[in-house]
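Just so it is clear, none of the values below were taken in a lab; they were calculated from the coordinates. All values derive from a computational prediction rather than experimental measurement. We place every Cβ from the backbone using ideal geometry, glycine too, and count neighbours over all the protein chains shown.
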């Protein structure tokens with residue numbers, strides 16, 4: 001009984017998500033337009049695309065966004081990778097028996 | 001953990017240089033093609049793990065120790081932070097692009113981005129290898 | 001009515017179903033991965049331009065130096081960079097979750113989260 005109610009709720013959440021995405025987002029494939037609820041602003045990606053090959057010197061705009069415009073996020077991600085490796089190495093360390 | 005048959009061992013030994021070269025190519029050309037440090041590091045780790053699966057634990061331990069993998073990961077992280085501190089030493093900002101730019105579209109372009117990619121490539125490859133070694137319980141000393 | 005958004009939300013719902021209804025920790029981790037994949041697909045689909053090219057200046061446009069024409073035809077690079085970061089963080093989370101699953105099996109003998117209730121020895 002409880003499982004049937006939970007299943008109906010999950011299906012309802014799924015239907016709500018699909019309906020919201022189709023009704024309240026801008027149509028698929030209209031990148032520079034940013035009009036949400038009558039509030040219009042300029043998207044950051046458009047300015048980055050115009051500036052990046054000359055300001056950064058790299059031909060790949062995604063790499064320059066990852067390392068130059070958003071460098072602190074990548075530094076935090078490297079820290080998370082280091083923490084995860086330390087955590088796994090700590091979990092599986094074999095303890096030395098005291099003789 | 002024992003190794004595999006003669007066919008698998010031979011093929012993996014023949015394929016290992018090409019896989020390593022492909023991973024290094026993805027890391028070095030991070031500013032010209034899709035790729036960079038994280039993707040190339042995963043391919044490098046997969047190349048070494050292929051050797052580990054084919055030859056068993058003992059053969060892989062002779063090549064790349066667990067201690068060497070941990071040290072290499074710390075070295076990669078140090079390269080990343082040291083290159084970021086170069087921006088502070090020169091006087092602009094932390095993590096700023098301070099090396100000379102070069103010409104657009106060549107391998108040695110984009111300032112300090114290739115050094116970042118190199119550091120993160122080593123870090124990711126050694127990190128995944130350390131996780132693999134740790135889950136298979138290969139550390140420095142075992143319990144006697 | 002675009003296919004990308006609908007499939008992304010269906011994957012999200014499938015991940016939530018797996019997290020709620022499965023009684024095995026490894027299956028729940030797989031459900032988390034499906035959920036995250038749906039989310040990444042949704043994020044990348046937000047930055048699409050009709051008839052756009054990849055945001056990498058290469059080949060013929062690089063030879064001409066046509067940066068203005070490139071900026072008028074490329075797709076959004078910012079969601080792609082954010083999804084790159086998210087994929088790496090997801091790998092770290094899954095490594096720790098599966099290590100904890102190995103620990104739980106070694107300590108309790110079962111992988112059913114409803115039978116792991118009391119703290120034993």
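Below is a table of values for the structure above.
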| item | result |
| --- | --- |
| Averaged over B:91-104, number of beta-carbon atoms from partner chains that fall within 10 Å | 3 |
| Top of B:134, B:72, B:60 by mean-square fluctuation, Gaussian network on chain B, Cα under 10 Å | B:134 |
| Helical mean residue ellipticity (222 nm; -39500 (n - 2.57) per DSSP H run of 4+; nearest 500) of chain B | -24000 deg cm²/dmol |
| Coordinate range along principal axes, alpha carbons of the stretch B:34-97, Å, largest first | 50, 29, 9 |
| Shape category assigned to the stretch B:6-135 from the gyration tensor of Cα positions, a/c cut at 1.5 | oblate |
| Shape call, the protein assembly as shown: gyration tensor on alpha carbons, a/c limit 1.5 | oblate |
| Peptide B:110-117, shielding by other chains (average Cβ, 10 Å cutoff) | 5 |
| Residue-averaged [θ]222 nm for chain C, counting only DSSP H segments that reach four residues, each worth -39500 (n - 2.57) | -22000 deg cm²/dmol |
| Neighbour-count ranking [beta-carbon atoms within 10 angstrom, fewest first] of C:50, B:73 | C:50, B:73 |
| Prolate/oblate/rounded label for chain A (Cα gyration tensor, a/c 1.5) | oblate |
| Sequence of B:103, B:74 once ranked by neighbouring C-beta atoms within 10 Å, starting from the fewest | B:103, B:74 |
| Degrees separating the helix C:25-45 axis from the principal Cα axis of chain C, which is the longest one | 20 |
| Alpha-carbon centroids, the stretch C:24-95 and the stretch B:80-103: separation in whole Å | 27 |
